[in-house]
Amino acid sequence: MQNDISQTTIRIAQILINELKLDDVTPETFDPDLDLVDEVGVDSMDLATVALVLRDEYGIRIDEDDYPKLTTVRIIAEYITNKLRSDD
Amino acid sequence: MNSSVTGKKEYKFSEIIADPVIKERFEKVRKYFFLRESTYDMTHRCNVRCEGCYYFAGEKQFAEENLDENSWQTLLEAEKERGITFVVLAGAEPSLVPQLCEVCYRTIPLGAIATNGLIHIPLHIDYKIHISVWGNDQTSLEIRKAKDMLARQIVNYQDDPRAIFVYTFTPVNIDQAREVTALLAQNGHKITFNMFSAPEGYQGHLRHDPDTLARTRQTMTELLLQYPETVVYSHYNIVAHTDPKGLHALYSCSYPRRNPLSDIGLGRSFRQYRTDLQWDREAACCVPDTDCDDCRHYAAGSAVVTARMYRHASDPESFKAWLDYVDTYLAVWVKDYTKGQNLCDRFIAPPSAEA
């Protein structure tokens with residue numbers, strides 16, 4: 001499971017970098033514990049865009065009410081992993 | 001509810017934006033996702049007194065007026081520091097304090113001013129200027145106690161690229177929108193639409209009912225089709241603002257007054273400052289003291305509908321409708337933003353929160 005979350009973390013970082021055009025960082029070097037709002041500058045519209053891409057990628061729905069909980073890449077990875085597990 | 005139950009195809013977001021027309025419009029509006037607004041009451045004075053004016057409802061009208069330019073400068077610098085990129089200057093009447101508007105403009109150069117248009121705001125304050133219209137001049141005289149309002153507004157803002165007229169539909173001026181729009185079209189002005197939204201406790205004759213909402217919808221649709229160069233609106237704007245349910249019931253209001261979330265979005269960033277430069281999270285709203293259940297206000301919709309991108313990314317038509325709404329919002333509020341042709345020319349039902 002640890003490996004799954006690690007791979008998911010890298011993939012989410014890649015999606016964030018692509019969607020937000022964060023040119024000066026790579027998925028491998030993206031700190032998964034950075035606060036996306038305070039330290040990366042992500043806002044609710046950015047997060048909505050990322051949520052739609054994640055919906056495509058993982059086939060899960062991300063509730064709008066959950067946006068405020070998705071504060072770091074690691075937390076998003078855990079959220080997705082839990083969603084996928086609960087859908088099994 | 002999945003597609004096997006609804007019989008409706010489920011689209012991936014990537015499928016929706018694979019349409020080059022949708023993709024182009026999405027990329028166009030997406031450049032403006034950086035906008036973070038807050039609003040500011042500039043003065044508690046006004047040169048007209050309109051029935052149903054939200055400013056003179058509630059406690060904010062009694063706030064002390066701060067006319068000190070240095071205090072405003074300090075406030076706006078702090079606002080910029082915390083990430084505010086767009087200001088809405090309102091009032092009572094901001095044109096009475098142009099020196100304060102100028103301070104705001106120098107510090108945060110993107111914004112809009114809501115004015116009754118009777119006093120011209122100097123050109124070097126290069127914000128969008130929203131000029132409020134409540135009907136023809138006879139109705140304005142009755143409701144706003146001011147003579148020849150529209151004629152004076154048109155002259156004051158002739159050939160001014162900042163200006164857009166905001167026609168507020170009330171139950172008593174629905175038909176007059178035709179003559180007002182025709183007159184504005186003749187003079188080369190732009191118009192967008194607002195809905196009267198009752199202040200808390202208001203029981204007067206301007207509150208809409210299902211019949212006046214339906215008549216307003218019909219009139220807006222006629223005008224949108226008849227004056228595509230003049231009317232800055234879309235079919236989805238009409239849907240969102242004339243539904244019997246208000247904006248909060250349809251979309252869940254994202255302003256702090258009705259939104260307990262303080263971690264992200266408007267709940268985190270939005271403040272509504274009174275004339276004493278104080279703000280109160282419990283009251284923070286683009287139209288404070290409005291009866292939230294009756295709120296169909298254009299300014300509220302600009303944020304509330306726009307924030308619900310995820311819900312509208314269910315199928316191409318819904319997403320086009322949402323893009324039209326955002327494109328309209330940007331054209332109304334952001335100077336030099338040019339509205340594109342609407343992508344969706346029919347009424348699309350608002351999505352439910354569970355969609």
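The values are calculated or read from the model by the stated rules, or taken from the named source; none is laboratory data. As the structure is a prediction and not an experimental result, all values here were calculated from the model. Glycine also receives a Cβ, built like all others from the backbone with ideal geometry; neighbour counts cover every protein chain displayed.
Structure summary
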item	result
Matching entry among B:Leu225, B:Leu184, B:Leu250 (being within 17 Å of B:Gly135 (Cα to Cα) and among the aliphatic types (A, V, I, L, M))	B:Leu184
Top-ranked residue of the range B:32-50 - restricted to ones that are surrounded by fewer than 16 Cβ atoms within 10 Å (Cβ to Cβ) and away from every other protein chain (no Cβ under 14 Å), ranked as nearest to B:Asn116 (Cα to Cα)	B:Asn47
Top-ranked residue of the range B:307-333 - restricted to ones that are without any contact (Cβ under 8 Å) to a residue 40 or more places away in the chain and surrounded by fewer than 23 Cβ atoms within 10 Å (Cβ to Cβ), ranked as farthest from B:Phe86 (Cα to Cα)	B:Glu317
Count of the range B:212-255 residues which are assigned to a loop (DSSP other than H, G, I, E, B) and either under 26 Å from B:Gln272 (Cβ atoms) or in contact with a Pro (Cβ under 7 Å, 6 or more places away or on another chain) (or both)	10
Helices (runs of 4 or more DSSP H) contained in chain A and holding at least 3 residues within 14 Å of chain B (Cβ to nearest Cβ), free of Cβ contacts under 8 Å to residues at least 40 places away in the same chain and of a type in the set (Gly, Ala, Ser)	A:44-58
Helices (runs of 4 or more DSSP H) completely within the range B:278-345 that count 3 or more residues being more than 18 Å from B:Val166 (Cα to Cα) and touching a Gly at 6+ places or on another chain (Cβ under 8 Å)	none
Single residue of the range B:176-206 satisfying the filter (over 25 Å from B:Asp291 (Cα atoms) and assigned to a loop (DSSP other than H, G, I, E, B)) that is nearest to the chain's Cα centre (by Cα)	B:Lys190
Close pairs from the range B:1-24: first more than 20 Å from A:Ile62 (Cβ to Cβ) and modelled with pLDDT of 95 or more, partner part of a helix (DSSP H, G or I) and not aliphatic (A, V, I, L, M), Cβ under 8 Å, at least 6 apart	B:Asp19/B:Pro316; B:Ile22/B:Pro316; B:Ile22/B:Phe319; B:Ile22/B:Lys320
Qualifying residue in the range A:45-55 (condition: modelled with pLDDT under 90 and of a type outside the set (Asp, Glu))	no
Top-ranked residue in the range B:120-142 [being aliphatic (A, V, I, L, M) and surrounded by fewer than 21 Cβ atoms within 10 Å (Cβ to Cβ); ranked as nearest to B:Ser95 (Cα to Cα)]	B:Leu123
B:Thr192 vs. criteria more than 25 Å from B:Ala57 (Cβ to Cβ) and in contact (Cβ under 8 Å) with a residue 12 or more places away in the chain	no
Matching residues in the range B:256-273 - criterion: being surrounded by fewer than 23 Cβ atoms within 10 Å (Cβ to Cβ) and assigned to a loop (DSSP other than H, G, I, E, B)	B:Arg257, B:Arg258, B:Asn259, B:Pro260, B:Leu261, B:Ser262, B:Asp263, B:Ile264, B:Arg271
Tally, over the range B:285-326, of residues that are of a type in the set (D, E, K, R), in contact with a helix residue (DSSP H, G or I) (Cβ under 6 Å, 6 or more places away or on another chain) and away from chain A (no Cβ under 13 Å)	2
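Residues are listed down the side, and each one gets a yes or a no for (1) modelled with pLDDT of 95 or more; (2) crowded, with 20+ Cβ neighbours inside 10 Å; (3) touching a strand residue (DSSP E or B) at 6+ places or on another chain (Cβ under 8 Å):
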| site | (1), (2), (3) |
| --- | --- |
| B:Asp159 | yes, no, no |
| B:Phe169 | yes, yes, yes |
| B:Gln203 | no, no, no |
| B:Val231 | yes, yes, yes |
